[in-house]
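Comments concern the structure below.
The values are calculated or read from the model by the stated rules, or taken from the named source; none is laboratory data. Since the structure is predicted, the reported quantities are computational estimates derived from the model, not experimental observations. Cβ atoms come from the backbone with ideal geometry, glycine included; neighbour counts cover every protein chain shown.
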Amino acid sequence: MVVVAAAVVTMGFMVGVAPSSALPATAIPSTLSLFYGVFSSLFIAFHAVLIKSSLPYCNNSTIELAWWTNAGSAALILPFVIISGEPFKFYQLAQTETWNWTVFLWGTLVTGIFGFLLCVAGLLSIKVTSPITHMFSSVSPALPLRFIEIADHFAGRSICPANCFRCLDFQGRAHNVSLHYPCI
């Protein structure tokens, strides 16, 4: 059954990236983007398998594994943060008159807590099921959004709220961000 599900997903990917004569050339994914997409998916799948195999080293504790995963990620990204000059940019931003420490601290606290909880939820999903089940179940929330986008496309609408997000910047101002279409 797992092989059938994997085949269905693979066929969906192939159909999704197959070029169509009705699309403009700029809308067709490049070979490089397909290469990166395939390898990204492959490494995410490897990650799920490695998580399952590393649970015994953390006494089967998802909280401990989440802590080590986040600590390892922070250690690996730290040199790139320093090389890119982020501490200096942060210091400059903090010195401006529009800087709001309260918004920054609350944003950091909320995103940190929910990010850690999402990490634990993903690890629990892998722990109680299997890496393959986790991979398929983590895709399911995106499916309704994709069906809404397809329905909007065939209905002739040019605006798709499913691809529209509201983002907050460091000063707490809201901005519209759209992946494909202009936001409403």
Checking F114, F39 in turn, the sole residue that is under 30 Å from M11 (Cβ atoms), among the hydrophobic types (A, V, I, L, M, F, W, C), loosely packed, with under 13 Cβ neighbours inside 10 Å and without any contact (Cβ under 8 Å) to a residue 12 or more places away in the chain turns out to be F39
Could you check how many residues of region 60-90 are among the charged types (D, E, K, R) and either under 20 Å from the mean Cα position of the chain (by Cα) or not assigned by TED's automatic domain parsing to the domain that holds F114 (or both)? 0
Qualifying positions in region 117-139 - closer than 20 Å to V49 by Cβ and either loosely packed, with under 13 Cβ neighbours inside 10 Å or small (G, A, S) (or both): L118, A121, G122, S125, V128, S130, S137, S138, V139
In region 124-151, anything over 16 Å from T10 (Cα atoms) and at pLDDT 75 or above is listed as L124, S125, I126, K127, V128, T129, S130, P131, H134
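So if I check each of G107, G115, G122, which one is in a helix (DSSP H, G or I) and in contact with a Gly (Cβ under 9 Å, 6 or more places away or on another chain)?
Just a single option satisfies the conditions, and that option is G107.
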Can you say whether L93 is touching a residue at least 24 places away in the same chain (Cβ under 8 Å), exposed (fewer than 14 other Cβ atoms within 10 Å of the Cβ), in a helix (DSSP H, G or I) and more than 15 Å from the chain's Cα centre (by Cα), as far as the supplied structure shows? yes
